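These notes are about the structure you will find just below.
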2 protein chains.
Amino acid sequence: MLRSFAFVAVAALVMPSFAGSVETAVQLRDKALTDTTAWAIVETLTSEVGPRPIGSAAYNRSRDWAVAKLTAFGFTNVHVETFVKPAWSRGAESAEIVGAHSQKLAVLGLGYSVPTPKAGIEAPVVVFGSYREMLAQPPGSLKGKIVLVNQPMTRTQDVSGYAAAVVARNGDAEAAMRGAVAYLVRSIATGTGRAPHTGATWGPGPHIPCAALGVPDADLVASLARHETVRIRLKLQSSLDQKAVAFDVSGEIKGRERPDEVIVIGGHLDSWDPGTGALDDGAGIAITTAAAKLIGDLPAHPRRTIRVVWWGSEENGGSSEAYAKAHAGEKFVIAGEADLGGDHAYMVAVPQGLPGLDEVMAPLKTIVSRAMPRNGGADIHGLEEAGVPVLVVLNDASRYFDYHHSADDTLAVVDSDGLKQNVAVWAGLVYLIAESDIDFRKVPAAK
Amino acid sequence: MLRSFAFVAVAALVMPSFAGSVETAVQLRDKALTDTTAWAIVETLTSEVGPRPIGSAAYNRSRDWAVAKLTAFGFTNVHVETFVKPAWSRGAESAEIVGAHSQKLAVLGLGYSVPTPKAGIEAPVVVFGSYREMLAQPPGSLKGKIVLVNQPMTRTQDVSGYAAAVVARNGDAEAAMRGAVAYLVRSIATGTGRAPHTGATWGPGPHIPCAALGVPDADLVASLARHETVRIRLKLQSSLDQKAVAFDVSGEIKGRERPDEVIVIGGHLDSWDPGTGALDDGAGIAITTAAAKLIGDLPAHPRRTIRVVWWGSEENGGSSEAYAKAHAGEKFVIAGEADLGGDHAYMVAVPQGLPGLDEVMAPLKTIVSRAMPRNGGADIHGLEEAGVPVLVVLNDASRYFDYHHSADDTLAVVDSDGLKQNVAVWAGLVYLIAESDIDFRKVPAAK
């Protein structure tokens, strides 16, 4: 999960009623609340495939696994679309405090970090309590230092805490321009777990080796550094394949009346390497796929086509551009991505009021927002840029960043009831859209 | 923390009143609630020393650190007592599922496990949902297998959940006798963290390599094993020094009237290696030391001597025997050990009713038990066996086993308010004992 969501308030529209659609959406919703398909997807994905960063053997294995799953679930037009992306692979990594108070630190290189020399880098550490504090340092002032930005992240229901903190993960260039030889960041995470949280770095350079310390480790270094000079030895090995083959896997519930009108929903199949990618984004593909499957299992398909896409390159830059380009000519009704875990979905937004949506959502404790959805997800950003309307489902992210991009992102932290509630939200929402003929492009201007 | 506590109900005694003592105990209690000494001990111990298993460089370093700390706090007769204990040191370790669904598993060898051959052991896994289920297997039935006992632990306020589960950690001999080549156990832990939880194995043998899997990893293997044969490759390297030098460090608040009557309290200085030993048992030494320091800072010392001991070999068999032997001739009033973290102390027990104790404890939400304390702690077991009365302070252990013996046992999981409440309990309790002349050996027989 990379992006935050913003809304532009629009007036709610009064739409004609589709009593039959709403009744079916309610039935789908209630069926979803006892459906275990989403859980089964996350369980088998995490155990049969495991962590699947692009370029890994497991990633390549996940392709056949995905085709088999989508086919078994009854989707049609199941196929793989490939594109080229650079793949970064983690090598041996270590960090330790050296000297009188030596001890090992929990460290995880940030994705696309340049490696250290094999013998590592050893240097004194300068700790900043905030990223802004580091930015305030003059050029050259950090010459020969390892920088640690130890900025805590705020726990929030939405992604605002993450959005505010994650900027520090891309600070290697700013540190380098001030003379630093390596850049360490407190994991962009809530919680107390020692497992570091990785993530890609996207700065323009100049690049220096950069890594995340576990939250307790960053505090430990900061605590020592208040009284003494702390020296750290950092070793980060990695390799980069500029032309790895990435892929999206998709399948469809073909529309019975308007098959060329496509609702595209999904999550991303790739994951970071330390955990098993259960929440990020096993949950996302599980929720959207289970919802679509429930619709596909109806006696009659809805009027429009529902396409489920398991995007294959979210964590290293997004499949977004490749997907938008490959599908430029298509008639997309709307696009939606689930990439914020599987906890309670507390709000949905579509570009217009959707008849019956409040009725379907209310028992799920899901608010229907009257604001204009934006930034629907990293993998549909290309579609959105090309003018495709997006829907947004917001999950309670309070727990999400305790686990995100860390070893602790496993099936153990997935809430099975939360998954079901999400499937109910997506099934009801997507069905109503698929059975309607609303053109979401025709949105009234914001007042 | 190894032992559980049992109580034998005894009649409460009506004792003479010590109004002055109670008043001072109340003052100590209230001062403790704003005192940060305990936190500072855990913070500096975890950052300046770090993980400190017996035999490690950090363990040896902790000796001078302990002497310096106790001296700085104003204790007298600060000294080190050495004894010999076997030290087990972890080497390279790994576990992975091999075959079509290959992935790495989070593993941590159990203390005193025999090593695997350098190339490791690769074998099919047999999963049991409970330890009892494995014990029900006939001899030879597990020939050539790696056993995984995947028995969940129940979260409880007291240590009963742990006591019921931990038996499975010593199962290597039982597995070996049934033909197994290696023994894996689901971490004896609550929570969802992936970090495995280690601990010593104490079985009589025959021994096979044994290790703990992370809770999610044990479930992952069990999930796969329901549908296919899972093969695991396990590598566990370690070394054993049969004659490592262990030590206890102690200091005293000398009694003003009865200096030869000694109240011995403390925790253990050694720790397991994956975390920084913050809860286990940084908290224990911090709580008891901060409490004793508050008493030592009074204008006048209490009548009896308070001795704080930082035992140095709890995790590998206890300093208990060595300490009891070395101090056989002393006049111990009572002994108490803090080794269950730093969360709310909800109950205290001393062998007799102690005048004023209820009054001092009530505002802390700490119940004074009228039952007979037993099993005061692993390091005072030898004293207890030799007839020394014990006191017991019970912590809410609901969270404790989320972190115990794992990488997640760091300062981040220590609750600073909880520490203060514990210091208040210990300061009030120990002061009342030290100012009294009660002989806790003279306890009425249980009714």
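Considering A:A244, A:A292, A:A300, A:A338, which residue is touching a strand residue (DSSP E or B) at 6+ places or on another chain (Cβ under 7 Å) and surrounded by fewer than 24 Cβ atoms within 10 Å (Cβ to Cβ)? Let's see the steps before the verdict.
Working: A:A292 fails: surrounded by fewer than 24 Cβ atoms within 10 Å (Cβ to Cβ); A:A300 fails: touching a strand residue (DSSP E or B) at 6+ places or on another chain (Cβ under 7 Å); A:A338 fails: surrounded by fewer than 24 Cβ atoms within 10 Å (Cβ to Cβ).
Answer to the check: A:A244.
Kindly indicate whether B:A163 is surrounded by fewer than 16 Cβ atoms within 10 Å (Cβ to Cβ), closer than 29 Å to B:Y400 by Cα and at pLDDT 95 or above.
Details: surrounded by fewer than 16 Cβ atoms within 10 Å (Cβ to Cβ): yes; closer than 29 Å to B:Y400 by Cα: yes; at pLDDT 95 or above: yes.
Yes, satisfied.
Kindly list, by first and then second residue, each pair from a residue in the stretch A:82-111 that is at positive phi to a residue that is in a strand (DSSP E or B), limited to pairs with Cβ atoms under 8 Å and residues at least 6 apart or on different chains.
As it stands, the answer is A:G99/A:R231, since those pairs meet every condition given.
Mind checking which residues of the stretch A:366-388 are more than 22 Å from A:D280 (Cα to Cα) and not β-branched (V, I, T)? So that I can check it myself, show each step before the final result.
So the first thing to find is which residues in the stretch A:366-388 are more than 22 Å from A:D280 (Cα to Cα), and the list is A:367-372, A:385-388.
Of everything in the stretch A:366-388, those that are more than 22 Å from A:D280 (Cα to Cα) and not β-branched (V, I, T) turn out to be A:S369, A:R370, A:A371, A:M372, A:E385, A:A386, A:G387.
Being under 13 Å from A:I287 (Cβ atoms), of a type in the set (V, I, T), crowded, with 22+ Cβ neighbours inside 10 Å and within 14 Å of chain B (Cβ to nearest Cβ) narrows it down to one residue among A:V430, A:V393, A:V423, A:V414; which is it? Before the answer, list the steps.
Values: A:V430 fails: within 14 Å of chain B (Cβ to nearest Cβ); A:V393 fails: within 14 Å of chain B (Cβ to nearest Cβ); A:V423 fails: within 14 Å of chain B (Cβ to nearest Cβ).
So the residue among A:V430, A:V393, A:V423, A:V414 that is under 13 Å from A:I287 (Cβ atoms), of a type in the set (V, I, T), crowded, with 22+ Cβ neighbours inside 10 Å and within 14 Å of chain B (Cβ to nearest Cβ) is A:V414.
Across the stretch A:349-364, what is the total count of residues that are polar (S, T, N, Q) and modelled with pLDDT of 95 or more? Walk me through how you get there before you give the answer.
Going through the stretch A:349-364, the residues polar (S, T, N, Q) turn out to be A:352.
Checking the rest, the ones that are also modelled with pLDDT of 95 or more come to none.
Total meeting the criteria: 0.
Sort out which residues of the stretch A:196-218 are at the interface with chain B (Cβ under 8 Å from one of its Cβ atoms) and out of contact with any strand residue (DSSP E or B) (no Cβ under 8 Å at 6 or more places or on another chain), and write them in order of number.
Of everything in the stretch A:196-218, just one residue is at the interface with chain B (Cβ under 8 Å from one of its Cβ atoms) and out of contact with any strand residue (DSSP E or B) (no Cβ under 8 Å at 6 or more places or on another chain), namely A:P216.
Just to be sure, is A:D379 surrounded by 24 or more Cβ atoms within 10 Å (Cβ to Cβ), modelled with pLDDT of 95 or more, within 14 Å of another protein chain (Cβ to nearest Cβ) and touching a Phe, Trp or Tyr at 6+ places or on another chain (Cβ under 7 Å)?
It is false that A:D379 is surrounded by 24 or more Cβ atoms within 10 Å (Cβ to Cβ), modelled with pLDDT of 95 or more, within 14 Å of another protein chain (Cβ to nearest Cβ) and touching a Phe, Trp or Tyr at 6+ places or on another chain (Cβ under 7 Å).
Looking at (1) surrounded by fewer than 23 Cβ atoms within 10 Å (Cβ to Cβ); (2) more than 14 Å from chain B (Cβ to nearest Cβ); (3) out of contact with any helix residue (DSSP H, G or I) (no Cβ under 9 Å at 6 or more places or on another chain), which one does A:L236 not meet, given that it meets all the others?
Of (1) surrounded by fewer than 23 Cβ atoms within 10 Å (Cβ to Cβ); (2) more than 14 Å from chain B (Cβ to nearest Cβ); (3) out of contact with any helix residue (DSSP H, G or I) (no Cβ under 9 Å at 6 or more places or on another chain), only one is false for A:L236: (1).
Okay, residues lined up against (1) in contact with an Asp or Glu (Cβ under 9 Å, 6 or more places away or on another chain); (2) over 30 Å from A:S56 (Cα atoms):
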{"site": "B:K104", "(1), (2)": "yes, no"}
{"site": "B:I146", "(1), (2)": "yes, no"}
{"site": "B:Q151", "(1), (2)": "yes, yes"}
{"site": "B:G161", "(1), (2)": "no, yes"}
{"site": "B:G171", "(1), (2)": "no, yes"}
{"site": "B:G179", "(1), (2)": "no, yes"}
{"site": "B:R186", "(1), (2)": "yes, no"}
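In the stretch A:56-73, which residues are more than 15 Å from A:G282 (Cα to Cα), within 11 Å of chain B (Cβ to nearest Cβ) and surrounded by 19 or more Cβ atoms within 10 Å (Cβ to Cβ)?
Listed by number, the list holds a single entry, A:S56.
All but one of (1) among the small types (G, A, S); (2) under 23 Å from the mean Cα position of the chain (by Cα); (3) more than 14 Å from chain B (Cβ to nearest Cβ) hold for A:A182; state the number of the condition that does not hold.
All conditions are met except number (2).
Does B:G266 satisfy the condition of being at pLDDT below 95, within 26 Å of the chain's Cα centre (by Cα) and more than 14 Å from chain A (Cβ to nearest Cβ)?
Numbers: at pLDDT below 95: no; within 26 Å of the chain's Cα centre (by Cα): yes; more than 14 Å from chain A (Cβ to nearest Cβ): yes.
Judged against the criteria, B:G266 is not a match.
Of all residues in the stretch B:16-59, which are of a type in the set (F, W, Y) and under 26 Å from the mean Cα position of the chain (by Cα)?
Residues satisfying the conditions are B:W39, B:Y59.
Return the residue satisfying two criteria in turn: it lies in the stretch B:20-55 and is within 14 Å of chain A (Cβ to nearest Cβ) and touching an Asp or Glu at 6+ places or on another chain (Cβ under 7 Å), and of such residues it is surrounded by the most Cβ atoms within 10 Å (Cβ to Cβ).
So, considering only residues that are within 14 Å of chain A (Cβ to nearest Cβ) and touching an Asp or Glu at 6+ places or on another chain (Cβ under 7 Å), the one surrounded by the most Cβ atoms within 10 Å (Cβ to Cβ) is B:R52.
Please determine whether any residue of the stretch B:221-233 is in contact with a His (Cβ under 6 Å, 6 or more places away or on another chain), assigned to a strand (DSSP E or B) and at pLDDT 95 or above.
No, the conditions are met nowhere in the stretch B:221-233.
I'd like the full set of residues that are farther than 20 Å from B:G193 by Cα and either under 18 Å from the mean Cα position of the chain (by Cα) or not in a loop (DSSP other than H, G, I, E, B) (or both), limited to the stretch B:164-179. Spell out the reasoning first.
Of all residues in the stretch B:164-179, those farther than 20 Å from B:G193 by Cα come to B:164, B:167, B:170-179.
If the condition is that a residue be farther than 20 Å from B:G193 by Cα and either under 18 Å from the mean Cα position of the chain (by Cα) or not in a loop (DSSP other than H, G, I, E, B) (or both), then B:A164, B:V167, B:N170, B:D172, B:A173, B:E174, B:A175, B:A176, B:M177 are the ones that fit.
Would you kindly identify the strands (runs of 3 or more DSSP E) lying entirely within the stretch B:40-146 that contain at least 2 residues that are more than 25 Å from B:G317 (Cα to Cα) and modelled with pLDDT of 95 or more?
On the way: elements: B:76-98, B:103-105, B:107-109, B:121-128.
So the answer is B:76-98, B:103-105, B:121-128.
Taking A:A407, is it within 28 Å of A:G191 (Cβ to Cβ), assigned to a loop (DSSP other than H, G, I, E, B), more than 15 Å from the chain's Cα centre (by Cα) and of a type in the set (A, V, I, L, M)? First the steps, then the outcome.
Working: within 28 Å of A:G191 (Cβ to Cβ): yes; assigned to a loop (DSSP other than H, G, I, E, B): yes; more than 15 Å from the chain's Cα centre (by Cα): yes; of a type in the set (A, V, I, L, M): yes.
It is true that A:A407 is within 28 Å of A:G191 (Cβ to Cβ), assigned to a loop (DSSP other than H, G, I, E, B), more than 15 Å from the chain's Cα centre (by Cα) and of a type in the set (A, V, I, L, M).
Please find, among A:A326, A:A278, A:A362, the residue that is buried (at least 24 other Cβ atoms within 10 Å of the Cβ) and not β-branched (V, I, T). If you could, list the steps in order and put the result at the bottom.
Working: A:A326 fails: buried (at least 24 other Cβ atoms within 10 Å of the Cβ); A:A362 fails: buried (at least 24 other Cβ atoms within 10 Å of the Cβ).
So the residue among A:A326, A:A278, A:A362 that is buried (at least 24 other Cβ atoms within 10 Å of the Cβ) and not β-branched (V, I, T) is A:A278.
Being assigned to a loop (DSSP other than H, G, I, E, B), among the small types (G, A, S), under 25 Å from B:L394 (Cβ atoms) and within 25 Å of the chain's Cα centre (by Cα) is the requirement here; does B:A189 meet it?
On the way: assigned to a loop (DSSP other than H, G, I, E, B): yes; among the small types (G, A, S): yes; under 25 Å from B:L394 (Cβ atoms): yes; within 25 Å of the chain's Cα centre (by Cα): yes.
Considered against the rule, which asks whether it is assigned to a loop (DSSP other than H, G, I, E, B), among the small types (G, A, S), under 25 Å from B:L394 (Cβ atoms) and within 25 Å of the chain's Cα centre (by Cα), B:A189 comes out as yes.
The values are calculated or read from the model by the stated rules, or taken from the named source; none is laboratory data. Since we're looking at a predicted model, the values are computed, not measured. Don't worry about glycine lacking a Cβ; one is built from the backbone with ideal geometry, like all the others, and counts go over all protein chains shown.
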